[in-house]
């Protein structure tokens, strides 16, 4: 074999070896990447199911509290949720928490601890930071069912005239994020530092201006409107006892008598009054005897002269256990004065500063909070008339909670976050929205 031929043969052999080595290295690299991706996928799956386990743990805790209500503590639900706020699941762990102005709290966030934007008055809106009359009127126009703009508001024509036009809802907001579609509302007004709206202070939300969003690196979550407002709380639901509410417009007198621990004449008077009153607040504002004209004959044939007014305990049961019809769609939720921050009450224009201070003072003096709305009559500044005027705005119980659950794979540190909105107005509890990140 000639020298030239041997050189060519040697080159081909070396080239083949080099190519084989490259191919082998590529195969090994692809296999490693595939294995790494597989490991990450498995880790993410473990973290995801751990986060979902956190949501289910909160649902179980809320179900237990609904079926077994504690009449002596308005904070029993909060405590039960906190006890179910952490756990482990097959190589992964979960934690459920939310941040408030004063720090981190274990368990789901109470949606009723915030003001529902859908029932907020214009005067209350104007107390919010960054708010002006134009934005307030535009929000009211977005929520109302007509196409007639308020003095400074915006309706269909203004939205369709935008470069990328769209239609206003003309119905209650379904989420707080929807506020950003209202003319004049900027995202930073709604979100503040809580840019991803998960109710937690994330690292990028506590680093000054290093990463988006701009924030104050003080270790506290400033959510601007989102710390004060919600759109997901819902009124009504089950009674304080955990039973279905008794509809006074349909109930038999015997049912009313048994459920409310009243006598037969009182039960009949309540049934009669339910046919004429427009709100449960009328029972707070007006004594039972005055709801039935003096000297009139009850449907039972008895005279009102011997009718006894409801005691405060009976009135509390009336508000806790009954309803006047079943509103469709359900009404937006009231503010839970047991669980809301002191600051939130200050943004409810219908409560004067003096009444707000007295209310907060009485609430903080009660270890178990307010057990029912009639307990508020113990606040010196609150009369039956004042309480009746606030009936459509405040409550002492909550139906809707927002669960922020983080699952973490113990081997890799991979995390998955689930934010779920859960509603206990009915049983079984309903998951109304779920977001996985």
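Examine the range 96-103 for a residue that is within 20 Å of the chain's Cα centre (by Cα), part of a strand (DSSP E or B) and exposed (fewer than 15 other Cβ atoms within 10 Å of the Cβ), and state whether such a residue exists.
yes
Across the range 66-80, what is the total count of residues that are in contact (Cβ under 8 Å) with a residue 24 or more places away in the chain, assigned to a helix (DSSP H, G or I) and closer than 17 Å to residue 237 by Cβ?
Count: 3.
Out of all the residues in the range 341-350, which are more than 17 Å from the chain's Cα centre (by Cα) and modelled with pLDDT of 95 or more?
347, 348, 349, 350, listed by residue number.
Scanning for something crowded, with 20+ Cβ neighbours inside 10 Å and at positive phi, does the range 52-75 turn up at least one residue?
The answer is no; no qualifying residue exists.
Which one of 311, 306 is modelled with pLDDT of 95 or more, exposed (fewer than 14 other Cβ atoms within 10 Å of the Cβ) and outside the structural domain of residue 120 (by TED's automatic domain parsing)?
On the way: 306 fails: modelled with pLDDT of 95 or more.
Step by step, each of 311, 306 is checked, and only 311 is modelled with pLDDT of 95 or more, exposed (fewer than 14 other Cβ atoms within 10 Å of the Cβ) and outside the structural domain of residue 120 (by TED's automatic domain parsing).
Please state which one of 212, 195 is more than 30 Å from residue 160 (Cα to Cα) and assigned by TED's automatic domain parsing to the domain that holds residue 139.
None of the others qualify; the one that does is 212.
Wholly within the range 392-437, which strands (runs of 3 or more DSSP E) include no fewer than the required count, namely at least 3 residues that are in contact with a strand residue (DSSP E or B) (Cβ under 7 Å, 6 or more places away or on another chain) and surrounded by fewer than 16 Cβ atoms within 10 Å (Cβ to Cβ)?
Output list reads 430-436.
Would you check if residue 295 is touching a strand residue (DSSP E or B) at 6+ places or on another chain (Cβ under 9 Å), modelled with pLDDT under 95 and within 26 Å of residue 418 (Cβ to Cβ)?
no
Within the range 372-381, track down each residue that is touching a residue at least 60 places away in the same chain (Cβ under 8 Å) and surrounded by 19 or more Cβ atoms within 10 Å (Cβ to Cβ).
372, 373, 374
Determine which member of the set 177, 91 is outside the structural domain of residue 205 (by TED's automatic domain parsing) and touching a helix residue (DSSP H, G or I) at 6+ places or on another chain (Cβ under 9 Å).
Step by step, each of 177, 91 is checked, and only 91 is outside the structural domain of residue 205 (by TED's automatic domain parsing) and touching a helix residue (DSSP H, G or I) at 6+ places or on another chain (Cβ under 9 Å).
Quick check: anything in the range 226-237 on the phi > 0 side of the Ramachandran plot, outside the structural domain of residue 122 (by TED's automatic domain parsing) and modelled with pLDDT under 95?
Checked against the condition, which is being on the phi > 0 side of the Ramachandran plot, outside the structural domain of residue 122 (by TED's automatic domain parsing) and modelled with pLDDT under 95, the range 226-237 yields at least one hit.
What residue, among those in the range 230-271 that are within 30 Å of residue 177 (Cα to Cα) and touching a helix residue (DSSP H, G or I) at 6+ places or on another chain (Cβ under 7 Å), is surrounded by the most Cβ atoms within 10 Å (Cβ to Cβ)? It would help to see each step written out before you state the result.
From the range 230-271, those within 30 Å of residue 177 (Cα to Cα) are 230-238; that's our starting set.
Going one step further and asking which of them are touching a helix residue (DSSP H, G or I) at 6+ places or on another chain (Cβ under 7 Å), we end up with 230-233, 238.
On the way: 230: 26, 231: 20, 232: 24, 233: 29, 238: 19.
It comes out as 233.
Looking at 338, 399, 384, 364, which is the one that is closer than 27 Å to residue 80 by Cβ and either touching a helix residue (DSSP H, G or I) at 6+ places or on another chain (Cβ under 6 Å) or without any contact (Cβ under 8 Å) to a residue 40 or more places away in the chain (or both)?
Of 338, 399, 384, 364, the one residue that is closer than 27 Å to residue 80 by Cβ and either touching a helix residue (DSSP H, G or I) at 6+ places or on another chain (Cβ under 6 Å) or without any contact (Cβ under 8 Å) to a residue 40 or more places away in the chain (or both) is 364.
The values are calculated or read from the model by the stated rules, or taken from the named source; none is laboratory data. Note that the structure is predicted; figures quoted are calculated from it, not measured. For neighbour counting, all protein chains shown are included, and Cβ atoms are generated from backbone atoms with ideal geometry for every residue, glycine included.
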